[in-house]
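So the structure is just underneath, and the comments pick up after that.
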Amino acid sequence: MAGPQPVFRFAPSPNGLLHLGHAASALLNAQLASRLGGRLLLRIEDIDPGRSRPEFERAIREDLAWLGLDFAEPPRRQSEHIADYAAVLATLQREGLAYPCFCTRGLTARLVAEREAGGAAWPRDPDGAPLHAGPCRQLSDAERRRRVAAGEPHALRLATDEALRRILARGGGAAPGWDAWDPAAGDQRRVPADPARWGDVVIGRKDVAASYHVAVTHDDALQGVTHVVRGEDLREATHAHALLQALLGWPTPVYHHHALLLGPDGRKLSKSLGSTALRALRAEGVSAREVRRRLGFTGSP
């Protein structure tokens, strides 16, 4: 019997214009969805109110239409579902798996400087940021409630070691992980998750009701996403995602992390670096067919 229909998604953030790297990822998702007889969804990941702009979302949709991409249903806009993510965080707090963190960047910097001045290196996460090791996890529940009630700014962190302990106890010792898919070879291999490399990862930001980690795993589960095809720069995040999926009983998709498109300076293309935007190429008279040809995709998606 055939399995469920594969579901892919392309999930840009409307904080800038799409560039060639985004086009390559979107076209690859479309190609693989077509090859497997699957559906392709569009998700607008706009939970960051400080950076997301309606004009960028409009530009994203125009650029994707110009490329000839069709999506199976109207896009899911994350900013319209903040309550869903907040409910997940509330559940984790009730179960003693998340705690408020009041540490500021200044406090963290002082702690790091004091330790490293003594010759001991401070551990860092895959992004290079210092792992959390402040006093907030040792606060009493009463003190946490008092500071939250007083309106003190805080993030919400996952108690990673406790989360992993519960997963192992519940699953008879089975550790979280994911299947890494190689579309070219057609094979998969199991990758064990190592969430400790992220420490007590932030799952609720001070300025946003949820973090990327929670929103993306929640939506992948809700939308029935079976295949996540995204850039190599997000491979490390999958360690945290697999932990959340196992903890919350959500299915873990198959993952393929594709190579990034690099600029002449050897750095990945970036909105913030002003890398060539699809809109600029359109203005220069470059056709969608030419863009697809440059990226190795022939014909229509």
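None of the figures in this text is laboratory data; all of them are computed from the coordinates on show. Just so it is clear, the model here is predicted, and its values are computed rather than measured. Using ideal geometry, Cβ is built from the backbone for each residue, glycine included, and neighbour counts are taken over all protein chains shown.
What's the FRET efficiency of residue 70 with residue 286 using the Cβ-Cβ distance as r and R₀ = 22 Å, to the nearest 0.05?
0.55
In whole Hz, what ³J(HN,Hα) sequence does segment 178-195 give by Karplus (6.51, -1.76, 1.60; θ = phi - 60°), x for Gly and Pro?
Along segment 178-195, the couplings run 8, 8, 8, 9, 10, x, 5, 8, x, 10, 10, 9, 7, 10, x, 7, 10, x Hz.
In whole percent, what relative contact order does segment 1-160 give with Cα contacts below 8 Å and a gap of six or more residues?
21 percent
Determine the equivalent ellipsoid of the chain by diagonalising the alpha-carbon gyration tensor, then write out the semi-axes as square roots of 5 times the eigenvalues, largest first, rounded to whole Å.
Each semi-axis is √(5λ); the values are 35, 23, 19 Å.
I'd like the antiparallel share, as a percent to the nearest 5, of DSSP beta bridges with both residues in the chain. Don't jump to the answer; show the numbers that get you there.
On the way: 15 of 27 bridges.
If we restrict to bridges inside the chain, about 55 percent are antiparallel.
What does the C-alpha gyration tensor say about the overall shape of segment 215-256? Classify as rounded when a/c is under 1.5, otherwise prolate if a/b is larger than b/c, or oblate.
Cα axes put segment 215-256 in the oblate bin.
Can you give me the C-alpha center-to-center distance between segment 205-235 and segment 186-204, rounded to a whole angstrom?
When both Cα centres are located, 13 Å separates them.
Who wins for biggest fluctuation among 181, 250, 122 in a Gaussian network model of the chain, springs between alpha carbons below 10 Å?
122
I need 254, 148, 216 ordered by Cβ neighbour count within 10 Å, fewest first. Numbers along the way, then the final one.
Details: 254 16, 148 13, 216 24.
By the 10 Å Cβ count, ascending: 148, 254, 216.
Once you sort the root eigenvalues of the Cα gyration tensor of segment 81-223 as a ≥ b ≥ c, which label holds: rounded (a/c under 1.5), prolate (a/b larger than b/c) or oblate (the other case)?
Oblate.
Could you work out which residue, out of 231, 285, 38, moves most in a Gaussian network model of the chain, that is, has the largest mean-square fluctuation with Cα springs under 10 Å?
285
If you find the alpha carbon centre of segment 85-155 and of segment 26-42, how far apart are they in angstrom?
39 Å
Using the Cα gyration tensor of segment 1-88, with a ≥ b ≥ c the square roots of its eigenvalues, what is the shape: rounded (a/c below 1.5), prolate (a/b larger than b/c) or oblate (neither)?
Details: a/c = 2.55, a/b = 1.26, b/c = 2.03.
The shape class here is oblate.
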